[in-house]
Amino acid sequence: MAADEVEVQDNEMPDWSAYRGVLIVVEQREGEAKKVSWQLLGEGKKLAAKLEVPLLALVMGDKVEHLAQEAIYYGADKVYLCESPVLKDYRTRPFSRVCLQLIDKVKPEIVLFGATGTGRDLAGAIATHLPTGLTADTTELDCEPHPSRLLLASRPAFSEKMMATILCKQYRPQMATARAGVFQAQSRDTSLQAEIIRIENPMKEEEIAARVLDFIRETGSINLEEADIIVAGGRGLGGPEAFAMLKDLADALGGIVGASRAAVDAGWIKHEHQVGQTGCTVRPKLYFAIGISGAVQHTVGMTGSDIIIAINRDEKAPIFQFAHYGMVGDLFKIVPQITAEVRKKRGILVPA
């Protein structure tokens, strides 16, 4: 029987009393944390409060002590820090070994990761080794109180037409990856204090078969989930050419271009720009919804934005129900005027 399997008789719930706490695995690249990590600390705080347990964080990497401190500022009650040159770049085996070692020692009842490329890879490797269940790409998290203490991890299912809530009743810890931009991070509070516990890296470099030789960064790629300003367009643009107008505004503001599913399905712009249930969930400081009607498929992906500005010729468009500011009119006249005014305010010169 595996270490974290408990014998169950007569269909009774296993005794998981040794497992307590909510653990967030902080993801970083080159010493900079992914925003989803702080968002998960915010959601993890709610789960921990409901279960009356501490919120824990794990930071792994090389020279990343500052991120352990940041995890405290974002609400962690205790932070485990593993620093080693072996952990400078992400590789599945050494990172999963650190996680497995900590889970075996600390025994958290819930472990959460960001649903990023790294998070999905790491969480899958850990779940396989424990073994335990893993709910992927969750958009809602909740938990039942004592005695079940079950994690309620929900995600879109059946072609995004309904939500499925997935339970892990027979194994611990309960694990899930969560979409970036779905949950709200707590406000950063530098007055918060907590314990940072250093842990050892169990692997030596010569024990690891994989080597990272270089990172080749893809040019021209975008990251909607990390963007502070997004200028998104929909079916109302009428065609792909109008996205050049949106890019002018995005460039003037220092943002990036997004799109609705309708625009992507029409082939006007690539899928990496899509915001919504089948695209990215975003939380920018400023979101422009231009020529977007406001279908639920889109709005679920952007309603967490700090400020939403909608531009649409239909005054009854559903998007105005979500917007903080709305403009009814011809977007082909309004958008260039906004772009010109932004350039003027920021002193941006346009080549002749």
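The table below gives the values:
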{"item": "Index of the failed condition, residue 308 passing every other in (1) part of a strand (DSSP E or B); (2) over 30 Å from the mean Cα position of the chain (by Cα)", "result": "(2)"}
{"item": "Within segment 149-193, strands (runs of 3 or more DSSP E) holding 3 or more residues that are in the same structural domain as residue 108 (by TED's automatic domain parsing) and at pLDDT 95 or above", "result": "174-178"}
{"item": "Test: residue in segment 58-75 that is assigned to a helix (DSSP H, G or I), acidic (Asp, Glu) and buried (at least 20 other Cβ atoms within 10 Å of the Cβ)", "result": "yes"}
{"item": "Options 301, 294; residue that is in contact with a Pro (Cβ under 6 Å, 6 or more places away or on another chain), surrounded by 13 or more Cβ atoms within 10 Å (Cβ to Cβ) and either of a type outside the set (Asp, Glu) or not in a helix (DSSP H, G or I) (or both)", "result": "294"}
{"item": "Residue that is surrounded by the most Cβ atoms within 10 Å (Cβ to Cβ) [pool: residues in segment 275-286 that are touching a helix residue (DSSP H, G or I) at 6+ places or on another chain (Cβ under 7 Å), farther than 15 Å from residue 231 by Cβ and not small (Gly, Ala, Ser)]", "result": "277"}
{"item": "Unmet criterion (only one of (1) surrounded by fewer than 21 Cβ atoms within 10 Å (Cβ to Cβ); (2) within 23 Å of the chain's Cα centre (by Cα); (3) not in a helix (DSSP H, G or I)) for residue 314", "result": "(2)"}
{"item": "One residue from 289, 242, 252 being crowded, with 24+ Cβ neighbours inside 10 Å and not in a loop (DSSP other than H, G, I, E, B)", "result": "289"}
{"item": "Of residues in segment 147-174 being in contact with a strand residue (DSSP E or B) (Cβ under 6 Å, 6 or more places away or on another chain) and farther than 29 Å from residue 305 by Cβ, the one surrounded by the most Cβ atoms within 10 Å (Cβ to Cβ)", "result": "174"}
{"item": "Pairs, first farther than 29 Å from residue 303 by Cβ in segment 173-196, second in a loop (DSSP other than H, G, I, E, B) and hydroxyl-bearing (Ser, Thr, Tyr), C-beta under 9 Å, six or more apart", "result": "173/19; 173/132"}
{"item": "Tally, over segment 79-112, of residues that are closer than 23 Å to residue 169 by Cβ, outside any helix (DSSP H, G or I) and either at pLDDT below 95 or β-branched (Val, Ile, Thr) (or both)", "result": "2"}
{"item": "Members of segment 113-148 that are in a strand (DSSP E or B) and farther than 27 Å from residue 15 by Cβ", "result": "114, 136, 137, 140"}
{"item": "Residue list for segment 261-286, filter: β-branched (Val, Ile, Thr) and part of a helix (DSSP H, G or I)", "result": "264"}
{"item": "When residues of segment 197-206 are limited to those that are exposed (fewer than 13 other Cβ atoms within 10 Å of the Cβ) and touching a residue at least 24 places away in the same chain (Cβ under 8 Å), the one nearest to residue 69 (Cα to Cα)", "result": "198"}
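The values are calculated or read from the model by the stated rules, or taken from the named source; none is laboratory data. Quick caveat, the model's predicted, so the values are computed rather than measured. Cβ atoms come from the backbone with ideal geometry, glycine included; neighbour counts cover every protein chain shown.
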